[in-house]
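Trainee: Mind having a look at this structure? Questions to follow.
The values are calculated or read from the model by the stated rules, or taken from the named source; none is laboratory data. Worth saying up front: this structure is predicted, and the values here are computed from it rather than measured. Here the Cβ positions follow ideal geometry from the backbone for every residue, glycine too, while neighbour counts run over all protein chains shown.
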Amino acid sequence: MRIQLATLAMLVIFLVSCNDDEKDADEEKARIRFRFDHTIDEKAIVYDSLMYVNAAGNPYLVNEIQYFISDVRLYGSNGKVKLIDDWKAIHYVDTDIPSTHTWDVYDPIEPGLYDSIAFTFGISEEKNMSFMYVNPPEKDMFWPEYLGGGYHYLKLNGKWLPEGQGTQTAPFDFHLGIGQIYYVYPDSISGFVHNDFNVSLPGSGFDVDAGEKKTLKITMQVENWFTGPNLYDHDVFGGYIMQNQEAMQKVKENGNNVFLLDEIEN
């Protein structure tokens, strides 16, 4: 009995010691939180209101925005790169679900100075696997199997006022995902194009102290999806682009100018 009690006591001491070591190690690390915001012309979006005009002259409104970002990379001033993938490499954002607007990153990071932040918009080819989400809202982002499978990178849903159509609006599904190359449109697919892309946030350097959690505010400037380097015209591409790689390529290229690190909070 005495041996068993002694063994139990040693086990308790060992576990307490391990917990203390983990706590001390955790206190030597830092944490980050991403907060996502969405604007048009530098102001908060007024949803379901036909009050916006894009660079092509299309009057439009926005109903909702849904998208994935993944594989966030933090570039340290020491030349090291921290990839956010210890627990959750992919984050879903939905303008209708406030809880998705904040991402408390699980991965601890080294305190110090970071020169910049980058991430993948959408999900990389290696990770974009069909049926990996079984619950909404993420599972509702599925991309049809016959069009390449996996998941949408972006759903920006709204309406625009087609030229010469009076006051009658038309819906647009401004969706980005895996594109297709056709022998004969729309039935004979000869290949697929993975339209995920890298975003490097301008002016995104920051520093963080040991034990600190820093909040980084990432803003999507929605109007930039429609301009620079490509002028995107709803009257040209219509309301549905999931099978139009030409349109999705323009969206992908414009996406490099959509995001900015708008604010850093402690």
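Trainee: F172 is checked against (1) farther than 21 Å from N224 by Cβ; (2) among the hydrophobic types (A, V, I, L, M, F, W, C); (3) touching a Gly at 6+ places or on another chain (Cβ under 6 Å) and fails just one. What number does that condition carry?
Mentor: So F172 meets the others, but not (1).
Trainee: Need at least 3 residues that are not aromatic (F, W, Y) per element, so show me which strands (runs of 3 or more DSSP E) inside the stretch 149-266 make the cut, counting only ones lying wholly within it.
Mentor: On the way: elements: 154-160, 170-176, 179-184, 188-193, 197-200, 206-208, 213-221, 259-265.
Result: 154-160, 170-176, 179-184, 188-193, 197-200, 213-221, 259-265.
Trainee: Check whether at least one residue in the stretch 204-222 is at negative phi, touching an Asp or Glu at 6+ places or on another chain (Cβ under 6 Å) and of a type in the set (D, E, K, R), and report yes or no.
Mentor: yes
Trainee: Out of all the residues in the stretch 130-171, which are at pLDDT 95 or above, more than 17 Å from A247 (Cβ to Cβ) and aromatic (F, W, Y)?
Mentor: Within the stretch 130-171, F131, Y133, F142, Y151 meet the criteria.
Trainee: Continuing with the same structure: Please count how many residues of the stretch 36-67 are closer than 11 Å to Q221 by Cα and touching a Leu at 6+ places or on another chain (Cβ under 9 Å).
Mentor: Qualifying residue count for the region: 0.
Trainee: Return yes when G238 is modelled with pLDDT under 95, at positive phi and more than 16 Å from the chain's Cα centre (by Cα) and no when it is not. Steps first, answer last, please.
Mentor: Values: modelled with pLDDT under 95: no; at positive phi: yes; more than 16 Å from the chain's Cα centre (by Cα): yes.
Here the answer is no, as G238 does not meet what is asked.
Trainee: I've got another one for you. Of all the residues that make up the stretch 59-95, how many are in contact with a Pro (Cβ under 8 Å, 6 or more places away or on another chain) and under 22 Å from G228 (Cα atoms)?
Mentor: Qualifying residue count for the region: 1.
Trainee: While we're on this one: Can you tell me which residue among L147, L154 is crowded, with 19+ Cβ neighbours inside 10 Å, touching a residue at least 40 places away in the same chain (Cβ under 8 Å) and within 25 Å of S190 (Cα to Cα)? Can you show your working first?
Mentor: On the way: L147 fails: crowded, with 19+ Cβ neighbours inside 10 Å.
After ruling out the rest, the residue left standing is L154.
Trainee: Would it be correct to say that S130 is surrounded by 14 or more Cβ atoms within 10 Å (Cβ to Cβ) and small (G, A, S)?
Mentor: Spelling it out, it is not the case that S130 is surrounded by 14 or more Cβ atoms within 10 Å (Cβ to Cβ) and small (G, A, S).
Trainee: Restricting attention to the stretch 106-114, does a residue exist that is over 17 Å from the mean Cα position of the chain (by Cα) and loosely packed, with under 13 Cβ neighbours inside 10 Å?
Mentor: yes
Trainee: Does G203 meet the test of being surrounded by 15 or more Cβ atoms within 10 Å (Cβ to Cβ) and small (G, A, S)?
Mentor: Values: surrounded by 15 or more Cβ atoms within 10 Å (Cβ to Cβ): no; small (G, A, S): yes.
In short, no.
Trainee: While we're looking at this one, here's another question. Please give the number of the condition D140 fails out of (1) assigned to a loop (DSSP other than H, G, I, E, B); (2) under 23 Å from L61 (Cβ atoms); (3) among the acidic types (D, E); (4) without any contact (Cβ under 8 Å) to a residue 12 or more places away in the chain.
Mentor: So D140 meets the others, but not (1).
Trainee: In the stretch 206-222, what residues are crowded, with 19+ Cβ neighbours inside 10 Å and within 17 Å of K252 (Cα to Cα)?
Mentor: M220, V222, listed by residue number.
Trainee: Continuing with the same structure: Considering only the stretch 60-87, state which residues are without any contact (Cβ under 8 Å) to a residue 40 or more places away in the chain, basic (K, R) and either touching a Gly at 6+ places or on another chain (Cβ under 8 Å) or surrounded by 14 or more Cβ atoms within 10 Å (Cβ to Cβ) (or both).
Mentor: Within the stretch 60-87, K82 is the sole residue that qualifies.
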